[in-house]
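The values are calculated or read from the model by the stated rules, or taken from the named source; none is laboratory data. Treat the numbers as computed from the prediction; the structure is a model and nothing was measured. Please note: Cβ atoms are built from the backbone with ideal geometry, for glycine as well, and neighbour counts cover all protein chains shown.
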Amino acid sequence: MKIIYLIILMFVLNPFAHAQDVWSLQKCIEHAQKNNLSLKQSQLLIEQAKLGEQLNKYSRYPSLNANTSFGYQFGRTIDPTTNSFVSEGIGGQTLNLDAFVNLYNGGRTKTNIARGEIDRQAAEADKLQLDNDIALLVATTYLNVLFAKEQLAASKQRLDLTNEQLVQTEKLIAAGAIPANDKLDVLAQQARNEQDIVIQENTLSVSLLNLKNLLQLEPDLIIDVEVPNLNLDETYDVEALGFNGIYNQALNTQPFIQAAEYRLRSAEMGVKVAAADRYPSLNLFGGIDTRFATKNPAFAEDDVELGSSIPVVIDGALSNIQTFGPVRIGDVPYFEQLNDNLGQSVGLSLRVPIYNNNSVRIAEEQAKLNITSIQLQNAERKQQLKTDVQSAITNVKAAKLQYDAAEKTVNASKASYDNAKKRFQLGAINAFTLSTIKNNLDQSQVEYIVAKYDYIFKIQVVEFYMGKSINLN
C-alpha cells in the first residue's frame, strides 16, 4: 500500500511529468531557430557587420600611439642625446607619442559609415529570411509527423473494423449462413492490416527522428507532438487568390528581396568610395618625443673656479678634487634626460593625387560592374519569386480540387461499405465481396489523408509568400 501511495503522491506533485515531452509547432519553431547551426552562423555574420559598422564610425576619431625602442651602438657613432661623434659603446632609448586625425579624404569616411549600416541591415535581413525558411521547414516536418500519426490511427481503425468483421463472419459460419472458407479472406485482410500498422509505426518513427534531427535533439530522446485542430476552413477561398496581389506582398515581406536591395545600395556606395581617391586628403598630426643614453655625462656647475677644491661623491664616498676644467661628476639620471630631451611637433599633411597608374579609374569601373552584377542577381531573384508564387497558387488550387474529390470518394466509399456490411450480416454477400469493398474504403481513406495534408501544406506555402506566420490551427 505504501508503494501505491508513493506513486499517487508522485503524480499529484508532478502532474506534468508525462506532458513535458509533448512539443507544439511553435515550440519546435522557436527551438529550431535558437539552435540551428546555419542560424548561429548567420548571427555571427550580423555581429561581424556590426563590428565593421563600428569600425567605420570610429575611423572619424583621432588615433594616438606610443612607441619606444632601445639599442646599443659601438664604434664611431653619434651620441643620440648630444648628436656628437663618440668612439665608445652607448646604449640608447627613444620614446615618442604620435597623434593623427584625418580632416578630409574625399568623403570616404562618411560613405563607409553609411555603407556599414546598410551591410548590417542586409545581414539582418538574411538571418530573418533564414528564420522564415527554418520555420517553413519545421512546419513541413511537423506535418509529416502528424500525417504519419493519422495514418497509423487510420490503420488501427481499419484493423478494428476487420476484427469486427471476423467476429461477425465466425457467427455467420456457426449459423451455417456462409461457408467456412469465407473466414480465410477476412484473416488475410487482418494480416494486411497488421502489416500496414507496422509500416505506419516505422514511418512515424522516421518522421519523429527527422524532426528531432532538425531541432538538434538527441536521437534517443522520446518526444511527441501536439495535434492541432486541422479542420480545414471551408470559407478559405482558394479561387480568389490572385497572382499580382500575392506577388506584391511577397516583394514587400520576403527578407531576401530586402537584403538584395540593401546590397545594391551598398554597391552604389562602393563607387563613391572608389572615387574618393580622386580627391586630395588632408591630415592633422602631432607628436612628442624624447631620448635617453646610457653615457650622458653630468658636469659640475660652470661657476666653479679652476684649481679650486670641490667635494664630490664618487662611488658613495666623499672626495675633494682639484678643478682643471669642466668636472664630470657622473651621468645624467634617466628621468632628467627624458625631461631635458623632450620635443614636440605639430603639422598638416596634404596629399594630392596626380597619377596612380589608373588604379582609381579601374577601381571605379570594378565598382560599377559590381552594381550591374547585383542588379542582374536581383532581377533573377525576383523572376524566381514570380515562378515560386505562381507555382504555389497553382499547387494550392490543384490540392483543393484533389482534397474535395478525395473527400467525396471517402464519403461514398463509407456509404458503400456500410451498405455492404448490412448485406453481409444478412448473408446476401460473401466475405470476399465485403473485403473488396472494405479495401476500396481503406484506399480512399489513405488518399483522403494524403490529399488533406497536401492541401494544408500548400496553404502554408501560399501564406508564407503573403508574409503570414506559420500556424496550423
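I'd like the residue in region 133-149 that is of a type outside the set (A, V, I, L, M, F, W, C) and surrounded by fewer than 19 Cβ atoms within 10 Å (Cβ to Cβ) and, out of all such residues, is farthest from the chain's Cα centre (by Cα).
Within region 133-149, the match that is farthest from the chain's Cα centre (by Cα) is K149.
Each row is one residue, and each column tells you yes or no for (1) modelled with pLDDT of 90 or more; (2) in contact with a helix residue (DSSP H, G or I) (Cβ under 7 Å, 6 or more places away or on another chain); (3) among the aromatic types (F, W, Y); (4) not in a helix (DSSP H, G or I).
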| site | (1), (2), (3), (4) |
| --- | --- |
| V12 | no, no, no, no |
| K57 | yes, yes, no, no |
| Y61 | yes, no, yes, yes |
| A66 | yes, no, no, yes |
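Residue-wise test of (1) part of a helix (DSSP H, G or I); (2) farther than 19 Å from Q460 by Cα; (3) at pLDDT below 95.
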{"position": "E117", "(1), (2), (3)": "yes, yes, no"}
{"position": "E124", "(1), (2), (3)": "yes, yes, no"}
{"position": "A139", "(1), (2), (3)": "yes, no, yes"}
{"position": "Q151", "(1), (2), (3)": "yes, yes, yes"}
{"position": "S155", "(1), (2), (3)": "yes, yes, yes"}
{"position": "E164", "(1), (2), (3)": "yes, yes, yes"}
{"position": "V167", "(1), (2), (3)": "yes, yes, yes"}
{"position": "I173", "(1), (2), (3)": "yes, yes, yes"}
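Give me the residue from region 422-473 that is β-branched (V, I, T) and under 28 Å from A139 (Cβ atoms) and, out of that set, modelled with the lowest pLDDT. Break it down stepwise before answering.
Kept after step one, since they are β-branched (V, I, T), are these residues of region 422-473: 429, 433, 436-437, 446, 449-450, 456, 459, 461-462, 470.
Those still in the list that are under 28 Å from A139 (Cβ atoms) too: 446, 449-450, 456, 459, 461-462, 470.
Values: V446: 91, I449: 92, V450: 92, I456: 90, I459: 91, V461: 93, V462: 93, I470: 83.
Within region 422-473, the match that is modelled with the lowest pLDDT is I470.
Counting just the residues of region 207-226 that are in contact (Cβ under 8 Å) with a residue 40 or more places away in the chain, assigned to a helix (DSSP H, G or I) and of a type outside the set (G, A, S), which one comes out surrounded by the fewest Cβ atoms within 10 Å (Cβ to Cβ)?
Ranking the qualifying residues of region 207-226, first place goes to N210.
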